[in-house]
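The values are calculated or read from the model by the stated rules, or taken from the named source; none is laboratory data. Bear in mind the structure is a predicted one, so any value in this text is a computation, not a measurement. Glycine gets a Cβ as well: all are built from the backbone with ideal geometry, and neighbour counts include every protein chain shown.
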Amino acid sequence: YEIAGGSHADGEGLARTGEVISRDFGVPPLPECSGPLSPLDAGPVHRSSLTNLLRWIDHGIAPPPSRLIDLDEALEVVRDGFGNALGGIRLPPIAVPLGSFAPGNAGPLPCPLAGTFTAFDGPTLEELYPSHGPYLSAVARSANDNARQGYILRSDAVRYVVDAAKSGIGR
């Protein structure tokens with residue numbers, strides 16, 4: 001599967017990996033990347049993929065079809081008005097964006113493997129989400145659609161909705 005806005009490593013995963021490598025192998029901590037690290041977590045898709053694989057092996061139920069990132073004729077990623085990739089699996093942070101996600105980051109390795117995130121400014125967020133209800137509804141719709149189609153587990157859909165409910169977006 002291709003995850004819109006995804007990269008080889010999200011910020012949290014990169015930080016955890018750096019801590020483990022430093023602890024277990026005595027190497028220096030990973031270098032700082034130039035841009036803010038992406039908060040987009042591919043874990044929900046990974047968990048669902050493993051569940052779907054086991055269901056396929058054990059019960060012959062095929063996983064959901066692949067979704068690819070949209071490319072133009074020059075094989076460049078097609079982006080929406082916010083700069084986020086179109087196509088692919090569109091998790092709630094992409095379907096109901098709070099900023100722009102890019103797949104790479106500047107700096108020494110492993111930075112190019114990590115995504116970057118540019119948050120929208122206050123006026124943009126206020127324009128997109130003038131109140132909390134529509135924001136929460138949009139996140140719930142995206143999370144539930146992804147779970148119903150088999151791209152994320154129901155428990156991850158619930159987590160997206162709970163996190164959105166606790167957020168200050170539109171308040």
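Among residues of the stretch 96-112 that are under 16 Å from L86 (Cα atoms), those with a Cβ under 7 angstrom from a residue that is in a helix (DSSP H, G or I) and of a type in the set (G, A, S), sequence gap 6+ or separate chain, pair up as V96/A138; V96/S142. Number of residues in the stretch 19-42 that are touching a residue at least 12 places away in the same chain (Cβ under 8 Å) and surrounded by 14 or more Cβ atoms within 10 Å (Cβ to Cβ) equals 10. In the stretch 126-155, the residues that are farther than 21 Å from G43 by Cβ reach residues that are modelled with pLDDT under 95 with C-beta atoms within less than 6 angstrom, at least six apart or across chains, in these pairs: Y129/G170; S131/G170; H132/G170; H132/R171; Y135/G170. Go through the stretch 44-75 residue by residue and tally those that are surrounded by 13 or more Cβ atoms within 10 Å (Cβ to Cβ) and touching a residue at least 40 places away in the same chain (Cβ under 8 Å). The total comes to 11.
Going by the structure shown, is S167 polar (S, T, N, Q) and touching a residue at least 24 places away in the same chain (Cβ under 8 Å)? So S167 passes the test. Would you check if there is a residue in the stretch 75-83 being β-branched (V, I, T) and over 11 Å from the mean Cα position of the chain (by Cα)? Checked against the condition, which is being β-branched (V, I, T) and over 11 Å from the mean Cα position of the chain (by Cα), the stretch 75-83 yields at least one hit. Taking the criterion of being hydrophobic (A, V, I, L, M, F, W, C) and under 20 Å from A119 (Cβ atoms), the residues of the stretch 130-171 that qualify are L136, A138, V139, A164, A165, I169.
Restricting attention to the stretch 120-138, does a residue exist that is within 12 Å of the chain's Cα centre (by Cα) and surrounded by 16 or more Cβ atoms within 10 Å (Cβ to Cβ)? Checking the stretch 120-138: not a single residue is within 12 Å of the chain's Cα centre (by Cα) and surrounded by 16 or more Cβ atoms within 10 Å (Cβ to Cβ). The residue that is surrounded by the fewest Cβ atoms within 10 Å (Cβ to Cβ), counting only those in the stretch 158-171 that are within 16 Å of the chain's Cα centre (by Cα) and within 20 Å of G99 (Cα to Cα), is D163. The set of residues in the stretch 137-155 that are among the aromatic types (F, W, Y) and under 18 Å from P97 (Cα atoms) is empty.
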